[in-house]
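Colleague: Below is one structure. I have some questions about it.
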Amino acid sequence: MVFRNRSQCLHALVFTLLVLAGGFGTAFTAQGQGLNSLVQEANAFLPVEEAYHLEIEQVDATQIRLYWQIEQAYYLYQHRFKVALADEQGAIATELSYSPALAKTDEFFGDVEVYYDYADLGLTTERSFGVARLAVTSQGCADAGLCYPPHTEIFSLDGTTGVVSRGEPNLSGDESAASAADKSESSADPIRNMSLANALLFAFLGGLILNAMPCVFPILSLKVLSFATGDPTSHHRHAWWYLTGVVASFVASAIALISLQSLGQFIGWGFQLQSTGFVIALAYLFTAMGLGLSGVVQLGSGFMNLGNALTGGQGYRSSFFTGVLAVVVASPCTAPFMGSALGFALTQPSGTALLVFVALGLGMAAPMVLLSYSGAARQLLPKPGPWMETLKEVLAFPLYATAVWLLWVAGNQSGVDTMAAALGGLVLLALGLWLYRGSWRRKSLALVSLVLAILLGMVRGEGSAGDASLREGTVAWSPTALEQLRDDGIPVFVDVTADWCITCKANEQAVLFTDSMTALFKDHGVVYMIADWTDYDEAIGALVRSHRRNGIPLYVMYPATGEGEPFILPQLLTTTVMTEALQKVSTTSRG
């Protein structure tokens, strides 16, 4: 089974989750076999070193030849070649000359020059040298759709003997300009040297923090309160079924991510929220759950088992689906540590990537499992009473608020007409749920209302105006604009954000969009670029992936060209972090 587009793969993800919720039956086995073959397809692209094989030749004291052998159906960008040469005395100025290239209109960089089959470059050095360190950076893509992040290779050159070897040279001046730059880049990007053990730990911690996110907390609160009564042994089983639902959902999400990326789609965590239909479906779900908590409609035999109404099952199945639901509602959130862990997963084989997602699920489910086994923790829970009914009704309002926010996202994606139609659909949804109790006539009317609600949820209007919605003092991101500004000696801060990214919005309101921060950007001469990933955009997806990340927010500070390497800022920003980053590129860019 091969998925040809994002829509088919997203449908497969939904199907997988529903099958998981209903039990591990024959349908799941068949679907799982198909998805397993798709995971294997994700490894069909060549490793970057095999796709582009670089040879270095020392022609004479000041002339170096760089020759790439390029595999069939792969190509390299001419404008993405960069070199840095340094010896014990420091950096050596160089100039590149290029062999003829082919003109290509590229979906990421526009009109560019590229090399197929081979690339032959000449490097002229300002002076002769003894032992030197040469760092060569290139970037290329496959015609099938995959683009690689910029790739740097290190060589040791002996200018006296002409011997060239791969790896770091033995320079007595360890703090040469090139060496210092490489150390700075390595420290700025911890993913470069991250071990699997660290990635699993970061994923586990990120999953723990997800429990405190506003999307997830109302769902888990009800499940936690169910442990206040009943048999502890039963609580243990429910907790393990909940854990199974969480982990299975994260694995299903990972398979969908790997599958889409294997098809050349540049997507990340929360990619399903780039679909307006999925956003509206979530708004419907939150509204239905809220109506159940408010007592307007009855969704099952008890408010503690929200999963019952969604799976049609009883007992442990509801706990399993509560885990599935927790992962679904967590998709707009990116917790600290998650970015690095998922970025590491992106660079690994599919089996390793799945392990990272399993660790993320274990971290998210761990508090529930520990609570079910801790008698002392359960003793701290309030005794059952009328207050539980009041709390149930109170917890409905965060769900209503989340539905409003989701409809705002849908409106930004597809226009105000889409949002208005979805609001009408919510009214019909509420009517249908209210009518469902009673005679067959009422149930027939309920079914008509629910069908109309779905139809209204499928209405699409005109999308937002894009750049017109940018905040004053910011500019829209594009690869060419970014490179042009850096070439002009201007440092750039790139903010990869989306309307559905809660962490992004929190950072904007608390730090980035304050008057004092706007003034700091102006004082330091740094351009603020916004890459809006609310809707699917392959170029922005390629940007995220080039920095070894698999989700947003992503904040990258770019010094002016030749003044240092870009560095990534934390996902949770503070004024101090931003001030130090602005000072760093400002000082660097001024030499």
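Quick note: the coordinates plus some simple rules give every number you see, no bench work behind them. In this text the structure is predicted, and so the values were computed from the model without any measurement. Positions of Cβ are backbone-derived with ideal geometry, glycine not excepted, and every protein chain shown enters the neighbour counts.
Colleague: What distance in nm lies between label points placed 7 Å from Cα along the C-beta direction at Asp120 and Val451?
Modeller: Between Asp120 and Val451, the simple spin-label model gives 7.0 nm.
Colleague: So for each of 286-293, 447-454 I average, over its residues, the number of other beta carbons within 10 Å; can you give me the resulting order with the highest mean first?
Modeller: 286-293, 447-454
Colleague: So what's the projected area for region 394-511, the Cα convex hull averaged over all directions, in nm²?
Modeller: 10.2 nm²
Colleague: Which trypsin sites (Lys or Arg not before Pro) does region 51-153 hold that lie in a coil by DSSP with at most 15 other beta carbons within 10 Å?
Modeller: For trypsin sites (Lys or Arg not before Pro) across region 51-153 that sit outside H, G, I, E and B with at most 15 neighbouring Cβ atoms in 10 Å, the list reads Arg127.
Colleague: How do 509-520, 68-79, 526-537 rank on mean C-beta neighbours within 10 Å, highest first?
Modeller: My ranking of the peptides, most packed first, is 526-537, 68-79, 509-520.
Colleague: Residues with beta-carbon under 15 Å from that of Glu483, excluding Glu483: net charge, scoring Lys, Arg +1 and Asp, Glu -1?
Modeller: My count for the surroundings of Glu483 gives -4.
Colleague: Hey, could you pull the Cα Rg and Dmax for region 467-589, both in Å?
Modeller: 13.3, 36
Colleague: Follow-up. If you count, for each residue, the other Cβ atoms within 10 Å and average over each peptide, how do 480-490, 159-169 line up from highest to lowest?
Modeller: For the peptides 480-490, 159-169, the packing ranking is 480-490, 159-169.
Colleague: Here's a follow-up. Using DSSP, restrict attention to beta bridges with both residues in region 467-589 and report what percent are antiparallel, rounded to the nearest 5.
Modeller: Antiparallel bridges: around 45 percent, rounded to the nearest 5.
Colleague: Moving to a separate point now. Looking at region 48-183, I'd like the Rg to Rh ratio, where Rg is from alpha-carbon atoms and Rh is Kirkwood's inverse mean 1/r.
Modeller: Taking Rg over the Kirkwood Rh, I get 0.99.
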